[in-house]
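Each reported figure results from applying straightforward, stated rules to the coordinates on display, with no laboratory input. All values reported here derive from a predicted model rather than from experimental measurement. For neighbour counting, all protein chains shown are included, and Cβ atoms are generated from backbone atoms with ideal geometry for every residue, glycine included.
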């Protein structure tokens with residue numbers, strides 16, 4: 001039993017095509033997950049701009065065997081993770097079926113309204129009602145979901161300005177985890193005893209809650225064969241300028257993966273301002289074997305087998 005993973009987009013925030021991003025790629029988050037023993041059953045994680053290339057690949061290869069039944073699992077609904085949806089060719093083909101799973105942060109905004117809402121004349125020349133494939137939406141919370149064929153999906157809330165889920169896919173004793181976009185939980189209460197509004201008990205409780213939530217996230221990807229983790233910043237870049245933006249540092253991801261006994265760690269959600277040469281330098285600094293974890297920077301087009 002095995003899981004195959006291919007990266008179609010590894011950038012964060014915004015696509016960044018150009019001569020300085022050719023090797024690692026400029027598309028935003030999109031990952032293809034296949035199960036070779038299940039006739040290449042396919043799951044897609046996130047619908048960033050990389051989804052366009054994946055859609056073209058699916059139509060050129062999988063569609064030959066007949067109409068498609070596909071599933072997209074959105075980690076969250078920020079635009080860099082859904083912007084590829086209107087350009088996903090399978091949704092324009094009669095007979096195809098697509099189920100979009102993901103969290104929503106506001107009761108008045110449904111998943112269909114957020115994702116499908118891109119297909120309006122305000123933003124796009126084709127309206128959602130004109131799609132010829134069948135598209136369904138399933139809103140997710142924390143929990144465990146049986147996807148059939150022995151595939152189990154476990155979801156976990158992460159720390160991001162909008163509701164965001166980490167995904168743990170288990171199949172045949174293999175485990176794939178995603179942890180993006182996320183940053184470490186921190187104590188939100190005043191911790192300086194000299195501050196006028198300092199409350200010792202609240203400061204202690206805040207520290208306990210943050211530590212517990214960080215432990216739960218680490219437990220979520222414990223023992224994973226592959227963890228794909230947000231590393232948009234270095235620790236120096238992250239603190240204090242980027243605290244609260246919802247992303248992690250290289251240093252934090254490496255330490256968490258080591259504590260969790262992860263086998264391989266893919267550094268992911270690369271800052272759009274980083275060139276290929278800069279990512280090469282970071283790969284030399286943070287990559288390789290680290291405390292028993294194989295660490296590497298994800299690249300567009302990279303394929304892995306678990």
Compute the length gained on full extension between residue 205 and residue 92: take 0.36 nm times their separation in residues and subtract their Cα-Cα distance, giving the result in nm to one decimal. 35.5 nm
Under a GNM of the chain (C-alpha, springs under 10 Å), which listed residue has the highest mean-square fluctuation: 218, 178, 120? 120
Expressed in nm to one decimal, what extension gain is obtained for the pair residue 255 and residue 121 from 0.36 nm per residue of sequence separation less their Cα-Cα distance? 43.6 nm
Once both label points are put 7 Å beyond Cα along the C-beta direction, the residue 305-residue 188 separation in nm becomes 4.6 nm
Highest-MSF residue in the chain out of 128, 205, 294 [GNM, Cα springs under 10 Å]: 205
Hypothetical label at residue 37: residues of region 1-22 whose amide nitrogen lies under 19 Å (7 Å Cα-Cβ projection): 1-6
What's the FRET efficiency of residue 105 with residue 245 using the Cβ-Cβ distance as r and R₀ = 22 Å, to the nearest 0.05? 0.85
Counting other C-beta atoms within 10 Å, which of 285, 164 has the fewest, and how do the rest follow? 285, 164
Rg over Rh of region 4-305, using C-alpha atoms and the Kirkwood radius, what does it come to? 0.98
Region 148-178 versus region 62-129: alpha-carbon centroid distance in Å: 20 Å
Before rounding to the nearest 500, sum -39500 (n - 2.57) across all DSSP H runs of length at least 4 in the chain and divide by the residue total; then give [θ] at 222 nm in deg cm²/dmol. -6000 deg cm²/dmol
Among 14, 129, 175, which comes first, then next, by fewest other beta-carbon atoms within 10 Å? 129, 14, 175
Share antiparallel - DSSP beta bridges, the chain, percent rounded to 5: 50 percent
For 160, 57, 247, 270, what ranking results if the residue with the fewest other Cβ atoms within 10 Å of its Cβ goes first? 57, 160, 247, 270
Between residue 65 and residue 2, the FRET efficiency computed from the C-beta separation at R0 = 25 Å comes out, to the nearest 0.05, as 0.80
Express in nm, to one decimal, how much length is gained between residue 152 and residue 212 on full extension, taking 0.36 nm for each residue of separation and deducting their alpha carbon distance. 19.1 nm
